[in-house]
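Student: Take this structure, written in structure tokens, and hold onto it; I'll ask about it next.
Where a number appears in this text, it was derived from the coordinates with a stated rule and is not lab data. Quantities reported herein were computed from a predicted structural model and do not represent experimental measurements. So basically every Cβ, Gly included, is an ideal-geometry build from the backbone, and we count neighbours across all protein chains shown.
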Amino acid sequence: MTQEFATDVLICGAGAAGLTLALELARRNISFRLIEKMDSPFPGSRGKGIQPRTQEIFEDLGILDRIVAAGGLYPPQREYQDDGGHTVTDVMEHHDPTPAEPYRIPLMVPQFLTESVMRERLVALGHRPEFGYELTGFEQNESGVTARIACKSGEEVIRVRYLIGADGGRSFVRHRLDVGFPGKTLGVRAIVADVMLTGLERDVWHRFSEGSMQRQMALCPLAGTEMFQLQAPIPLEGDVDLTAEGLTAMVAERTGRDDVLIQSVSWASAYTMNARLADRYRVGRVFLVGDAAHIHPPTGGQGLNTSVQDAYNLGWKLAAVANGAPEVLLDSYEAERRPIAASMLGLATRLLDAAKQGEMRRGREVHQLDIGYPESALAMEAPERSHGLLAGDRAPDAPLRGASGQPTRLFELFKGTHWTLLGHEVERGAVLPRPGLHIHTSGLRGDIVDEGGHLRDSYALAPGDWLLVRPDGYIGAIVASGETAALEAYLRNVGMGIQSR
Ligand SMILES: Cc1cc2nc3c(=O)[nH]c(=O)nc-3n(C[C@H](O)[C@H](O)[C@H](O)COP(=O)(O)OP(=O)(O)OC[C@H]3O[C@@H](n4cnc5c(N)ncnc54)[C@H](O)[C@@H]3O)c2cc1C
């Protein structure tokens, strides 16, 4: 008996994670609904650091230039000392782009602007979030999920193949699944507020009383806006006055300056920092992504980035399974992403401890460029490699030339929803073409020319090697010329077998 599904996927929550997943499904023509219980978009700046790896993902999603145009770079920080002097230092280490890593500096983009660019792209793809729609219950069986959604006009019940809980740290979906969320409360409570103010220049990130958890106060000019983001630790208990008057008084008390006046507050929140990780990311046909699966302290700007990357990992797999790939592919989502969040929690907590001492400088450890999935069931080498890039690693960029003479880049070849197979000095016909696979070869009669030797240097491919890159830009397989049968088996397992279409 065939089952009636209203749509393939229901995404609960239209924050950064839900929007990324929606973009991934939309560009693959998978049917979905994206529901959001709030009546209008989230207005806060909170997750404002866009790390280099996320910039690469935004390039693939076709929104990077808009994101860069909407925000800017982090300004240097000016640290005020008790004796009235100050020091100016860079918060972010500055590194020039390389052929393999085109983006190496975190961007500052207020979260509401990032999400607005994502929504605009989603509309261009023919979809939009449904605001004012709240998931209020669900049940699942082997074949699907029945979800209850409340909206102003009443309640609707829909049947979907998969439900995604992209519903933030207090996740209704996670609670309903009874998935544990162990971890700890970090003993730090803080405020974050987006404010208009007078009395401070916009060319530096102003930091007062670093090293004192009682008196710390940071005021960062928010790129792409006229506002500042105010951050300050506060006592664990008690009310805080988040009005313009209340915050002006707090600034005066902590900085000793009465010339800094908060004119208005567009969004403010007092929150307790936690580091928690969901026991499971998948229960049957229901998945958790983003803050629903892990919450971090904001130090190091990892939360939003990890959330986007969860969704980017899950999106292509959901689409592949909806199109007939083996269901087991979906197990790799938790296997790949949960260990990443576990180490991110450690990193953000260490950076929080450093921040308590006033140390704010950030380097490569927050860029997320070294994230990979070498332990994944989706990482295959035949034969096993002992040097250079390994299966599971992020596939680096490289400038190239097409055989026609036009400049291009590996990331241009990867861009889109397909897998990419690169053969180095191979016989092109050794792997048959199939839908969803783009094949390029270098060497004699190759369609790409590794003019600067960057591909060779980054990937260390031997003549006859085939390199398979996943839709999310990680290396799936590296096989030598005599091992194309292993490559065929791999492609079958991810839904690209020749007979499967
Ligand atoms: C106070 C604060 C400060 C932060 N500062 C930083 C920072 O400096 N840097 C950084 O990188 N990250 C920061 N973060 C984290 C970052 O904002 C999050 O990691 C990011 O928003 C996660 O995105 P998400 O889509 O997973 O969840 P969210 O952005 O929380 O989105 C979840 C959405 O689901 C909706 N929802 C919930 N329940 C339902 C339901 N039943 N039905 C329908 N919709 C529902 C919610 O309304 C919400 O819009 C901060 C977080 C907080 C709370």
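Student: Compute the acute angle (0 to 90°) between the alpha-carbon long axis of helix 52-61 and the principal axis of greatest extent of the alpha-carbon atoms of the chain; round to the nearest 10°.
Tutor: It is inclined by approximately 60 degrees.
Student: In the neighborhood of LEU369, defined by Cβ-to-Cβ distances under 9 Å, what is the net charge if each Lys or Arg adds +1 and each Asp or Glu adds -1?
Tutor: After counting each charged neighbour, the total is +1.
Student: Still on this structure, please answer the following. Give, as a single signed number, the net charge of other residues whose beta carbon lies under 14 Å from the beta carbon of GLN229, with Lys and Arg counted +1 and Asp and Glu -1.
Tutor: Around GLN229, the surrounding residues sum to +2.
Student: Could you go through the range 148-158 in sequence order and give the Karplus-derived ³J(HN,Hα) for each residue, using 6.51 cos²θ - 1.76 cosθ + 1.60 with θ = phi - 60°, rounded to whole Hz, and x for Gly and Pro?
Tutor: Taking θ as phi minus 60°, the curve returns 9, 10, 9, 9, 4, 7, x, 10, 10, 10, 10 Hz for the range 148-158.
Student: How would SER386, SER171 line up from fewest to most surrounding beta-carbon atoms within 10 angstrom?
Tutor: Least crowded to most crowded, the residues run SER386, SER171.
Student: Just grab the label-to-label distance for GLU134 and GLU237, each label 7 Å out from Cα along the Cβ direction, in nm (one decimal).
Tutor: So the label points at GLU134 and GLU237 sit 3.0 nm apart.
Student: Would you please state which residues of the range 261-301 a label at LYS184 would reach in this model, taking the label point 7 Å out along Cα→Cβ and a backbone N cut-off of under 17 Å?
Tutor: 272-278, 295-299
Student: Sum -39500 (n - 2.57) across every DSSP H segment of at least 4 residues in the chain, then divide by the residue count to get the 222 nm mean residue ellipticity, nearest 500.
Tutor: Helices in the chain give a 222 nm mean residue ellipticity of -8000 deg cm²/dmol.
Student: Would you please give the residues with an amide H less than 5 Å from that of LEU400, counting only those at least 5 places away or on a separate chain, with H modeled from the backbone geometry?
Tutor: The list, which skips near neighbours in sequence, is THR408, ARG409, LEU410.
Student: In the chain, what percentage of the DSSP-assigned beta bridges are antiparallel, given to the nearest 5?
Tutor: Taking every DSSP beta bridge with both residues in the chain, the antiparallel ones total about 70 percent.
Student: Among DSSP bridges having both ends in the range 380-493, what percentage is antiparallel? Round to the nearest 5.
Tutor: In the range 380-493, DSSP labels about 60 percent of beta bridges as antiparallel.
Student: Using a 7 Å offset from the Cα along the Cα-to-Cβ direction at both GLU384 and GLU201, what is the distance between the two label points in nm, to one decimal?
Tutor: 5.8 nm
Student: Over the chain, calculate the relative contact order: mean separation of alpha carbon pairs under 8 Å at least 6 apart, over the residue count, as a percent.
Tutor: Relative contact order of the chain: 16 percent.
Student: Please compute the net charge surrounding ALA486, taking Lys and Arg as +1 and Asp and Glu as -1 over other residues with Cβ under 15 Å from its Cβ.
Tutor: -3
Student: Turning to a different aspect of this structure: Using each residue's phi in the range 181-186, evaluate 6.51 cos²θ - 1.76 cosθ + 1.60 at θ = phi - 60° and report the 3J(HN,Hα) Karplus result to the nearest Hz, with x for Gly and Pro.
Tutor: Once θ is set to phi - 60°, the couplings for the range 181-186 become 9, x, x, 9, 8, 8 Hz.
Student: For the range 380-493, divide the Cα radius of gyration by the Kirkwood radius and give the resulting Rg/Rh value with two decimals.
Tutor: Using Cα coordinates only, the ratio equals 0.92.
Student: Pairs of Cα atoms under 8 Å, at least six residues apart: use those to get the relative contact order of the range 202-254, whole percent.
Tutor: The normalised contact order for the range 202-254 reaches 28 percent.
Student: Given the Cα-Cα distance of ASP279 and ALA485 and 0.36 nm per residue of separation, how much length would full extension add, in nm?
Tutor: Additional length available on full extension: 70.5 nm.
Student: So what is the relative contact order for the range 380-493, in percent, with contacts set as C-alpha pairs under 8 Å and at least six apart?
Tutor: Averaging sequence separation for qualifying contacts and normalising by length gives 34 percent for the range 380-493.
Student: If you take the beta carbon distance between ARG364 and ALA69 as r and set R0 to 25 Å, what does 1/(1 + (r/R0)^6) give as a FRET efficiency, to the nearest 0.05?
Tutor: According to the calculation, E is roughly 0.45.
Student: Based only on other Cβ atoms within 10 Å, what is the fewest-to-most ordering of LEU444, LEU369?
Tutor: Ranked by crowding around the Cβ, least crowded first: LEU444, LEU369.
Student: Provide the packing ranking of 54-64, 40-50, 129-139, 230-240, i.e. peptides ordered by the mean count of other C-beta atoms within 10 Å per residue, highest first.
Tutor: 54-64, 40-50, 129-139, 230-240
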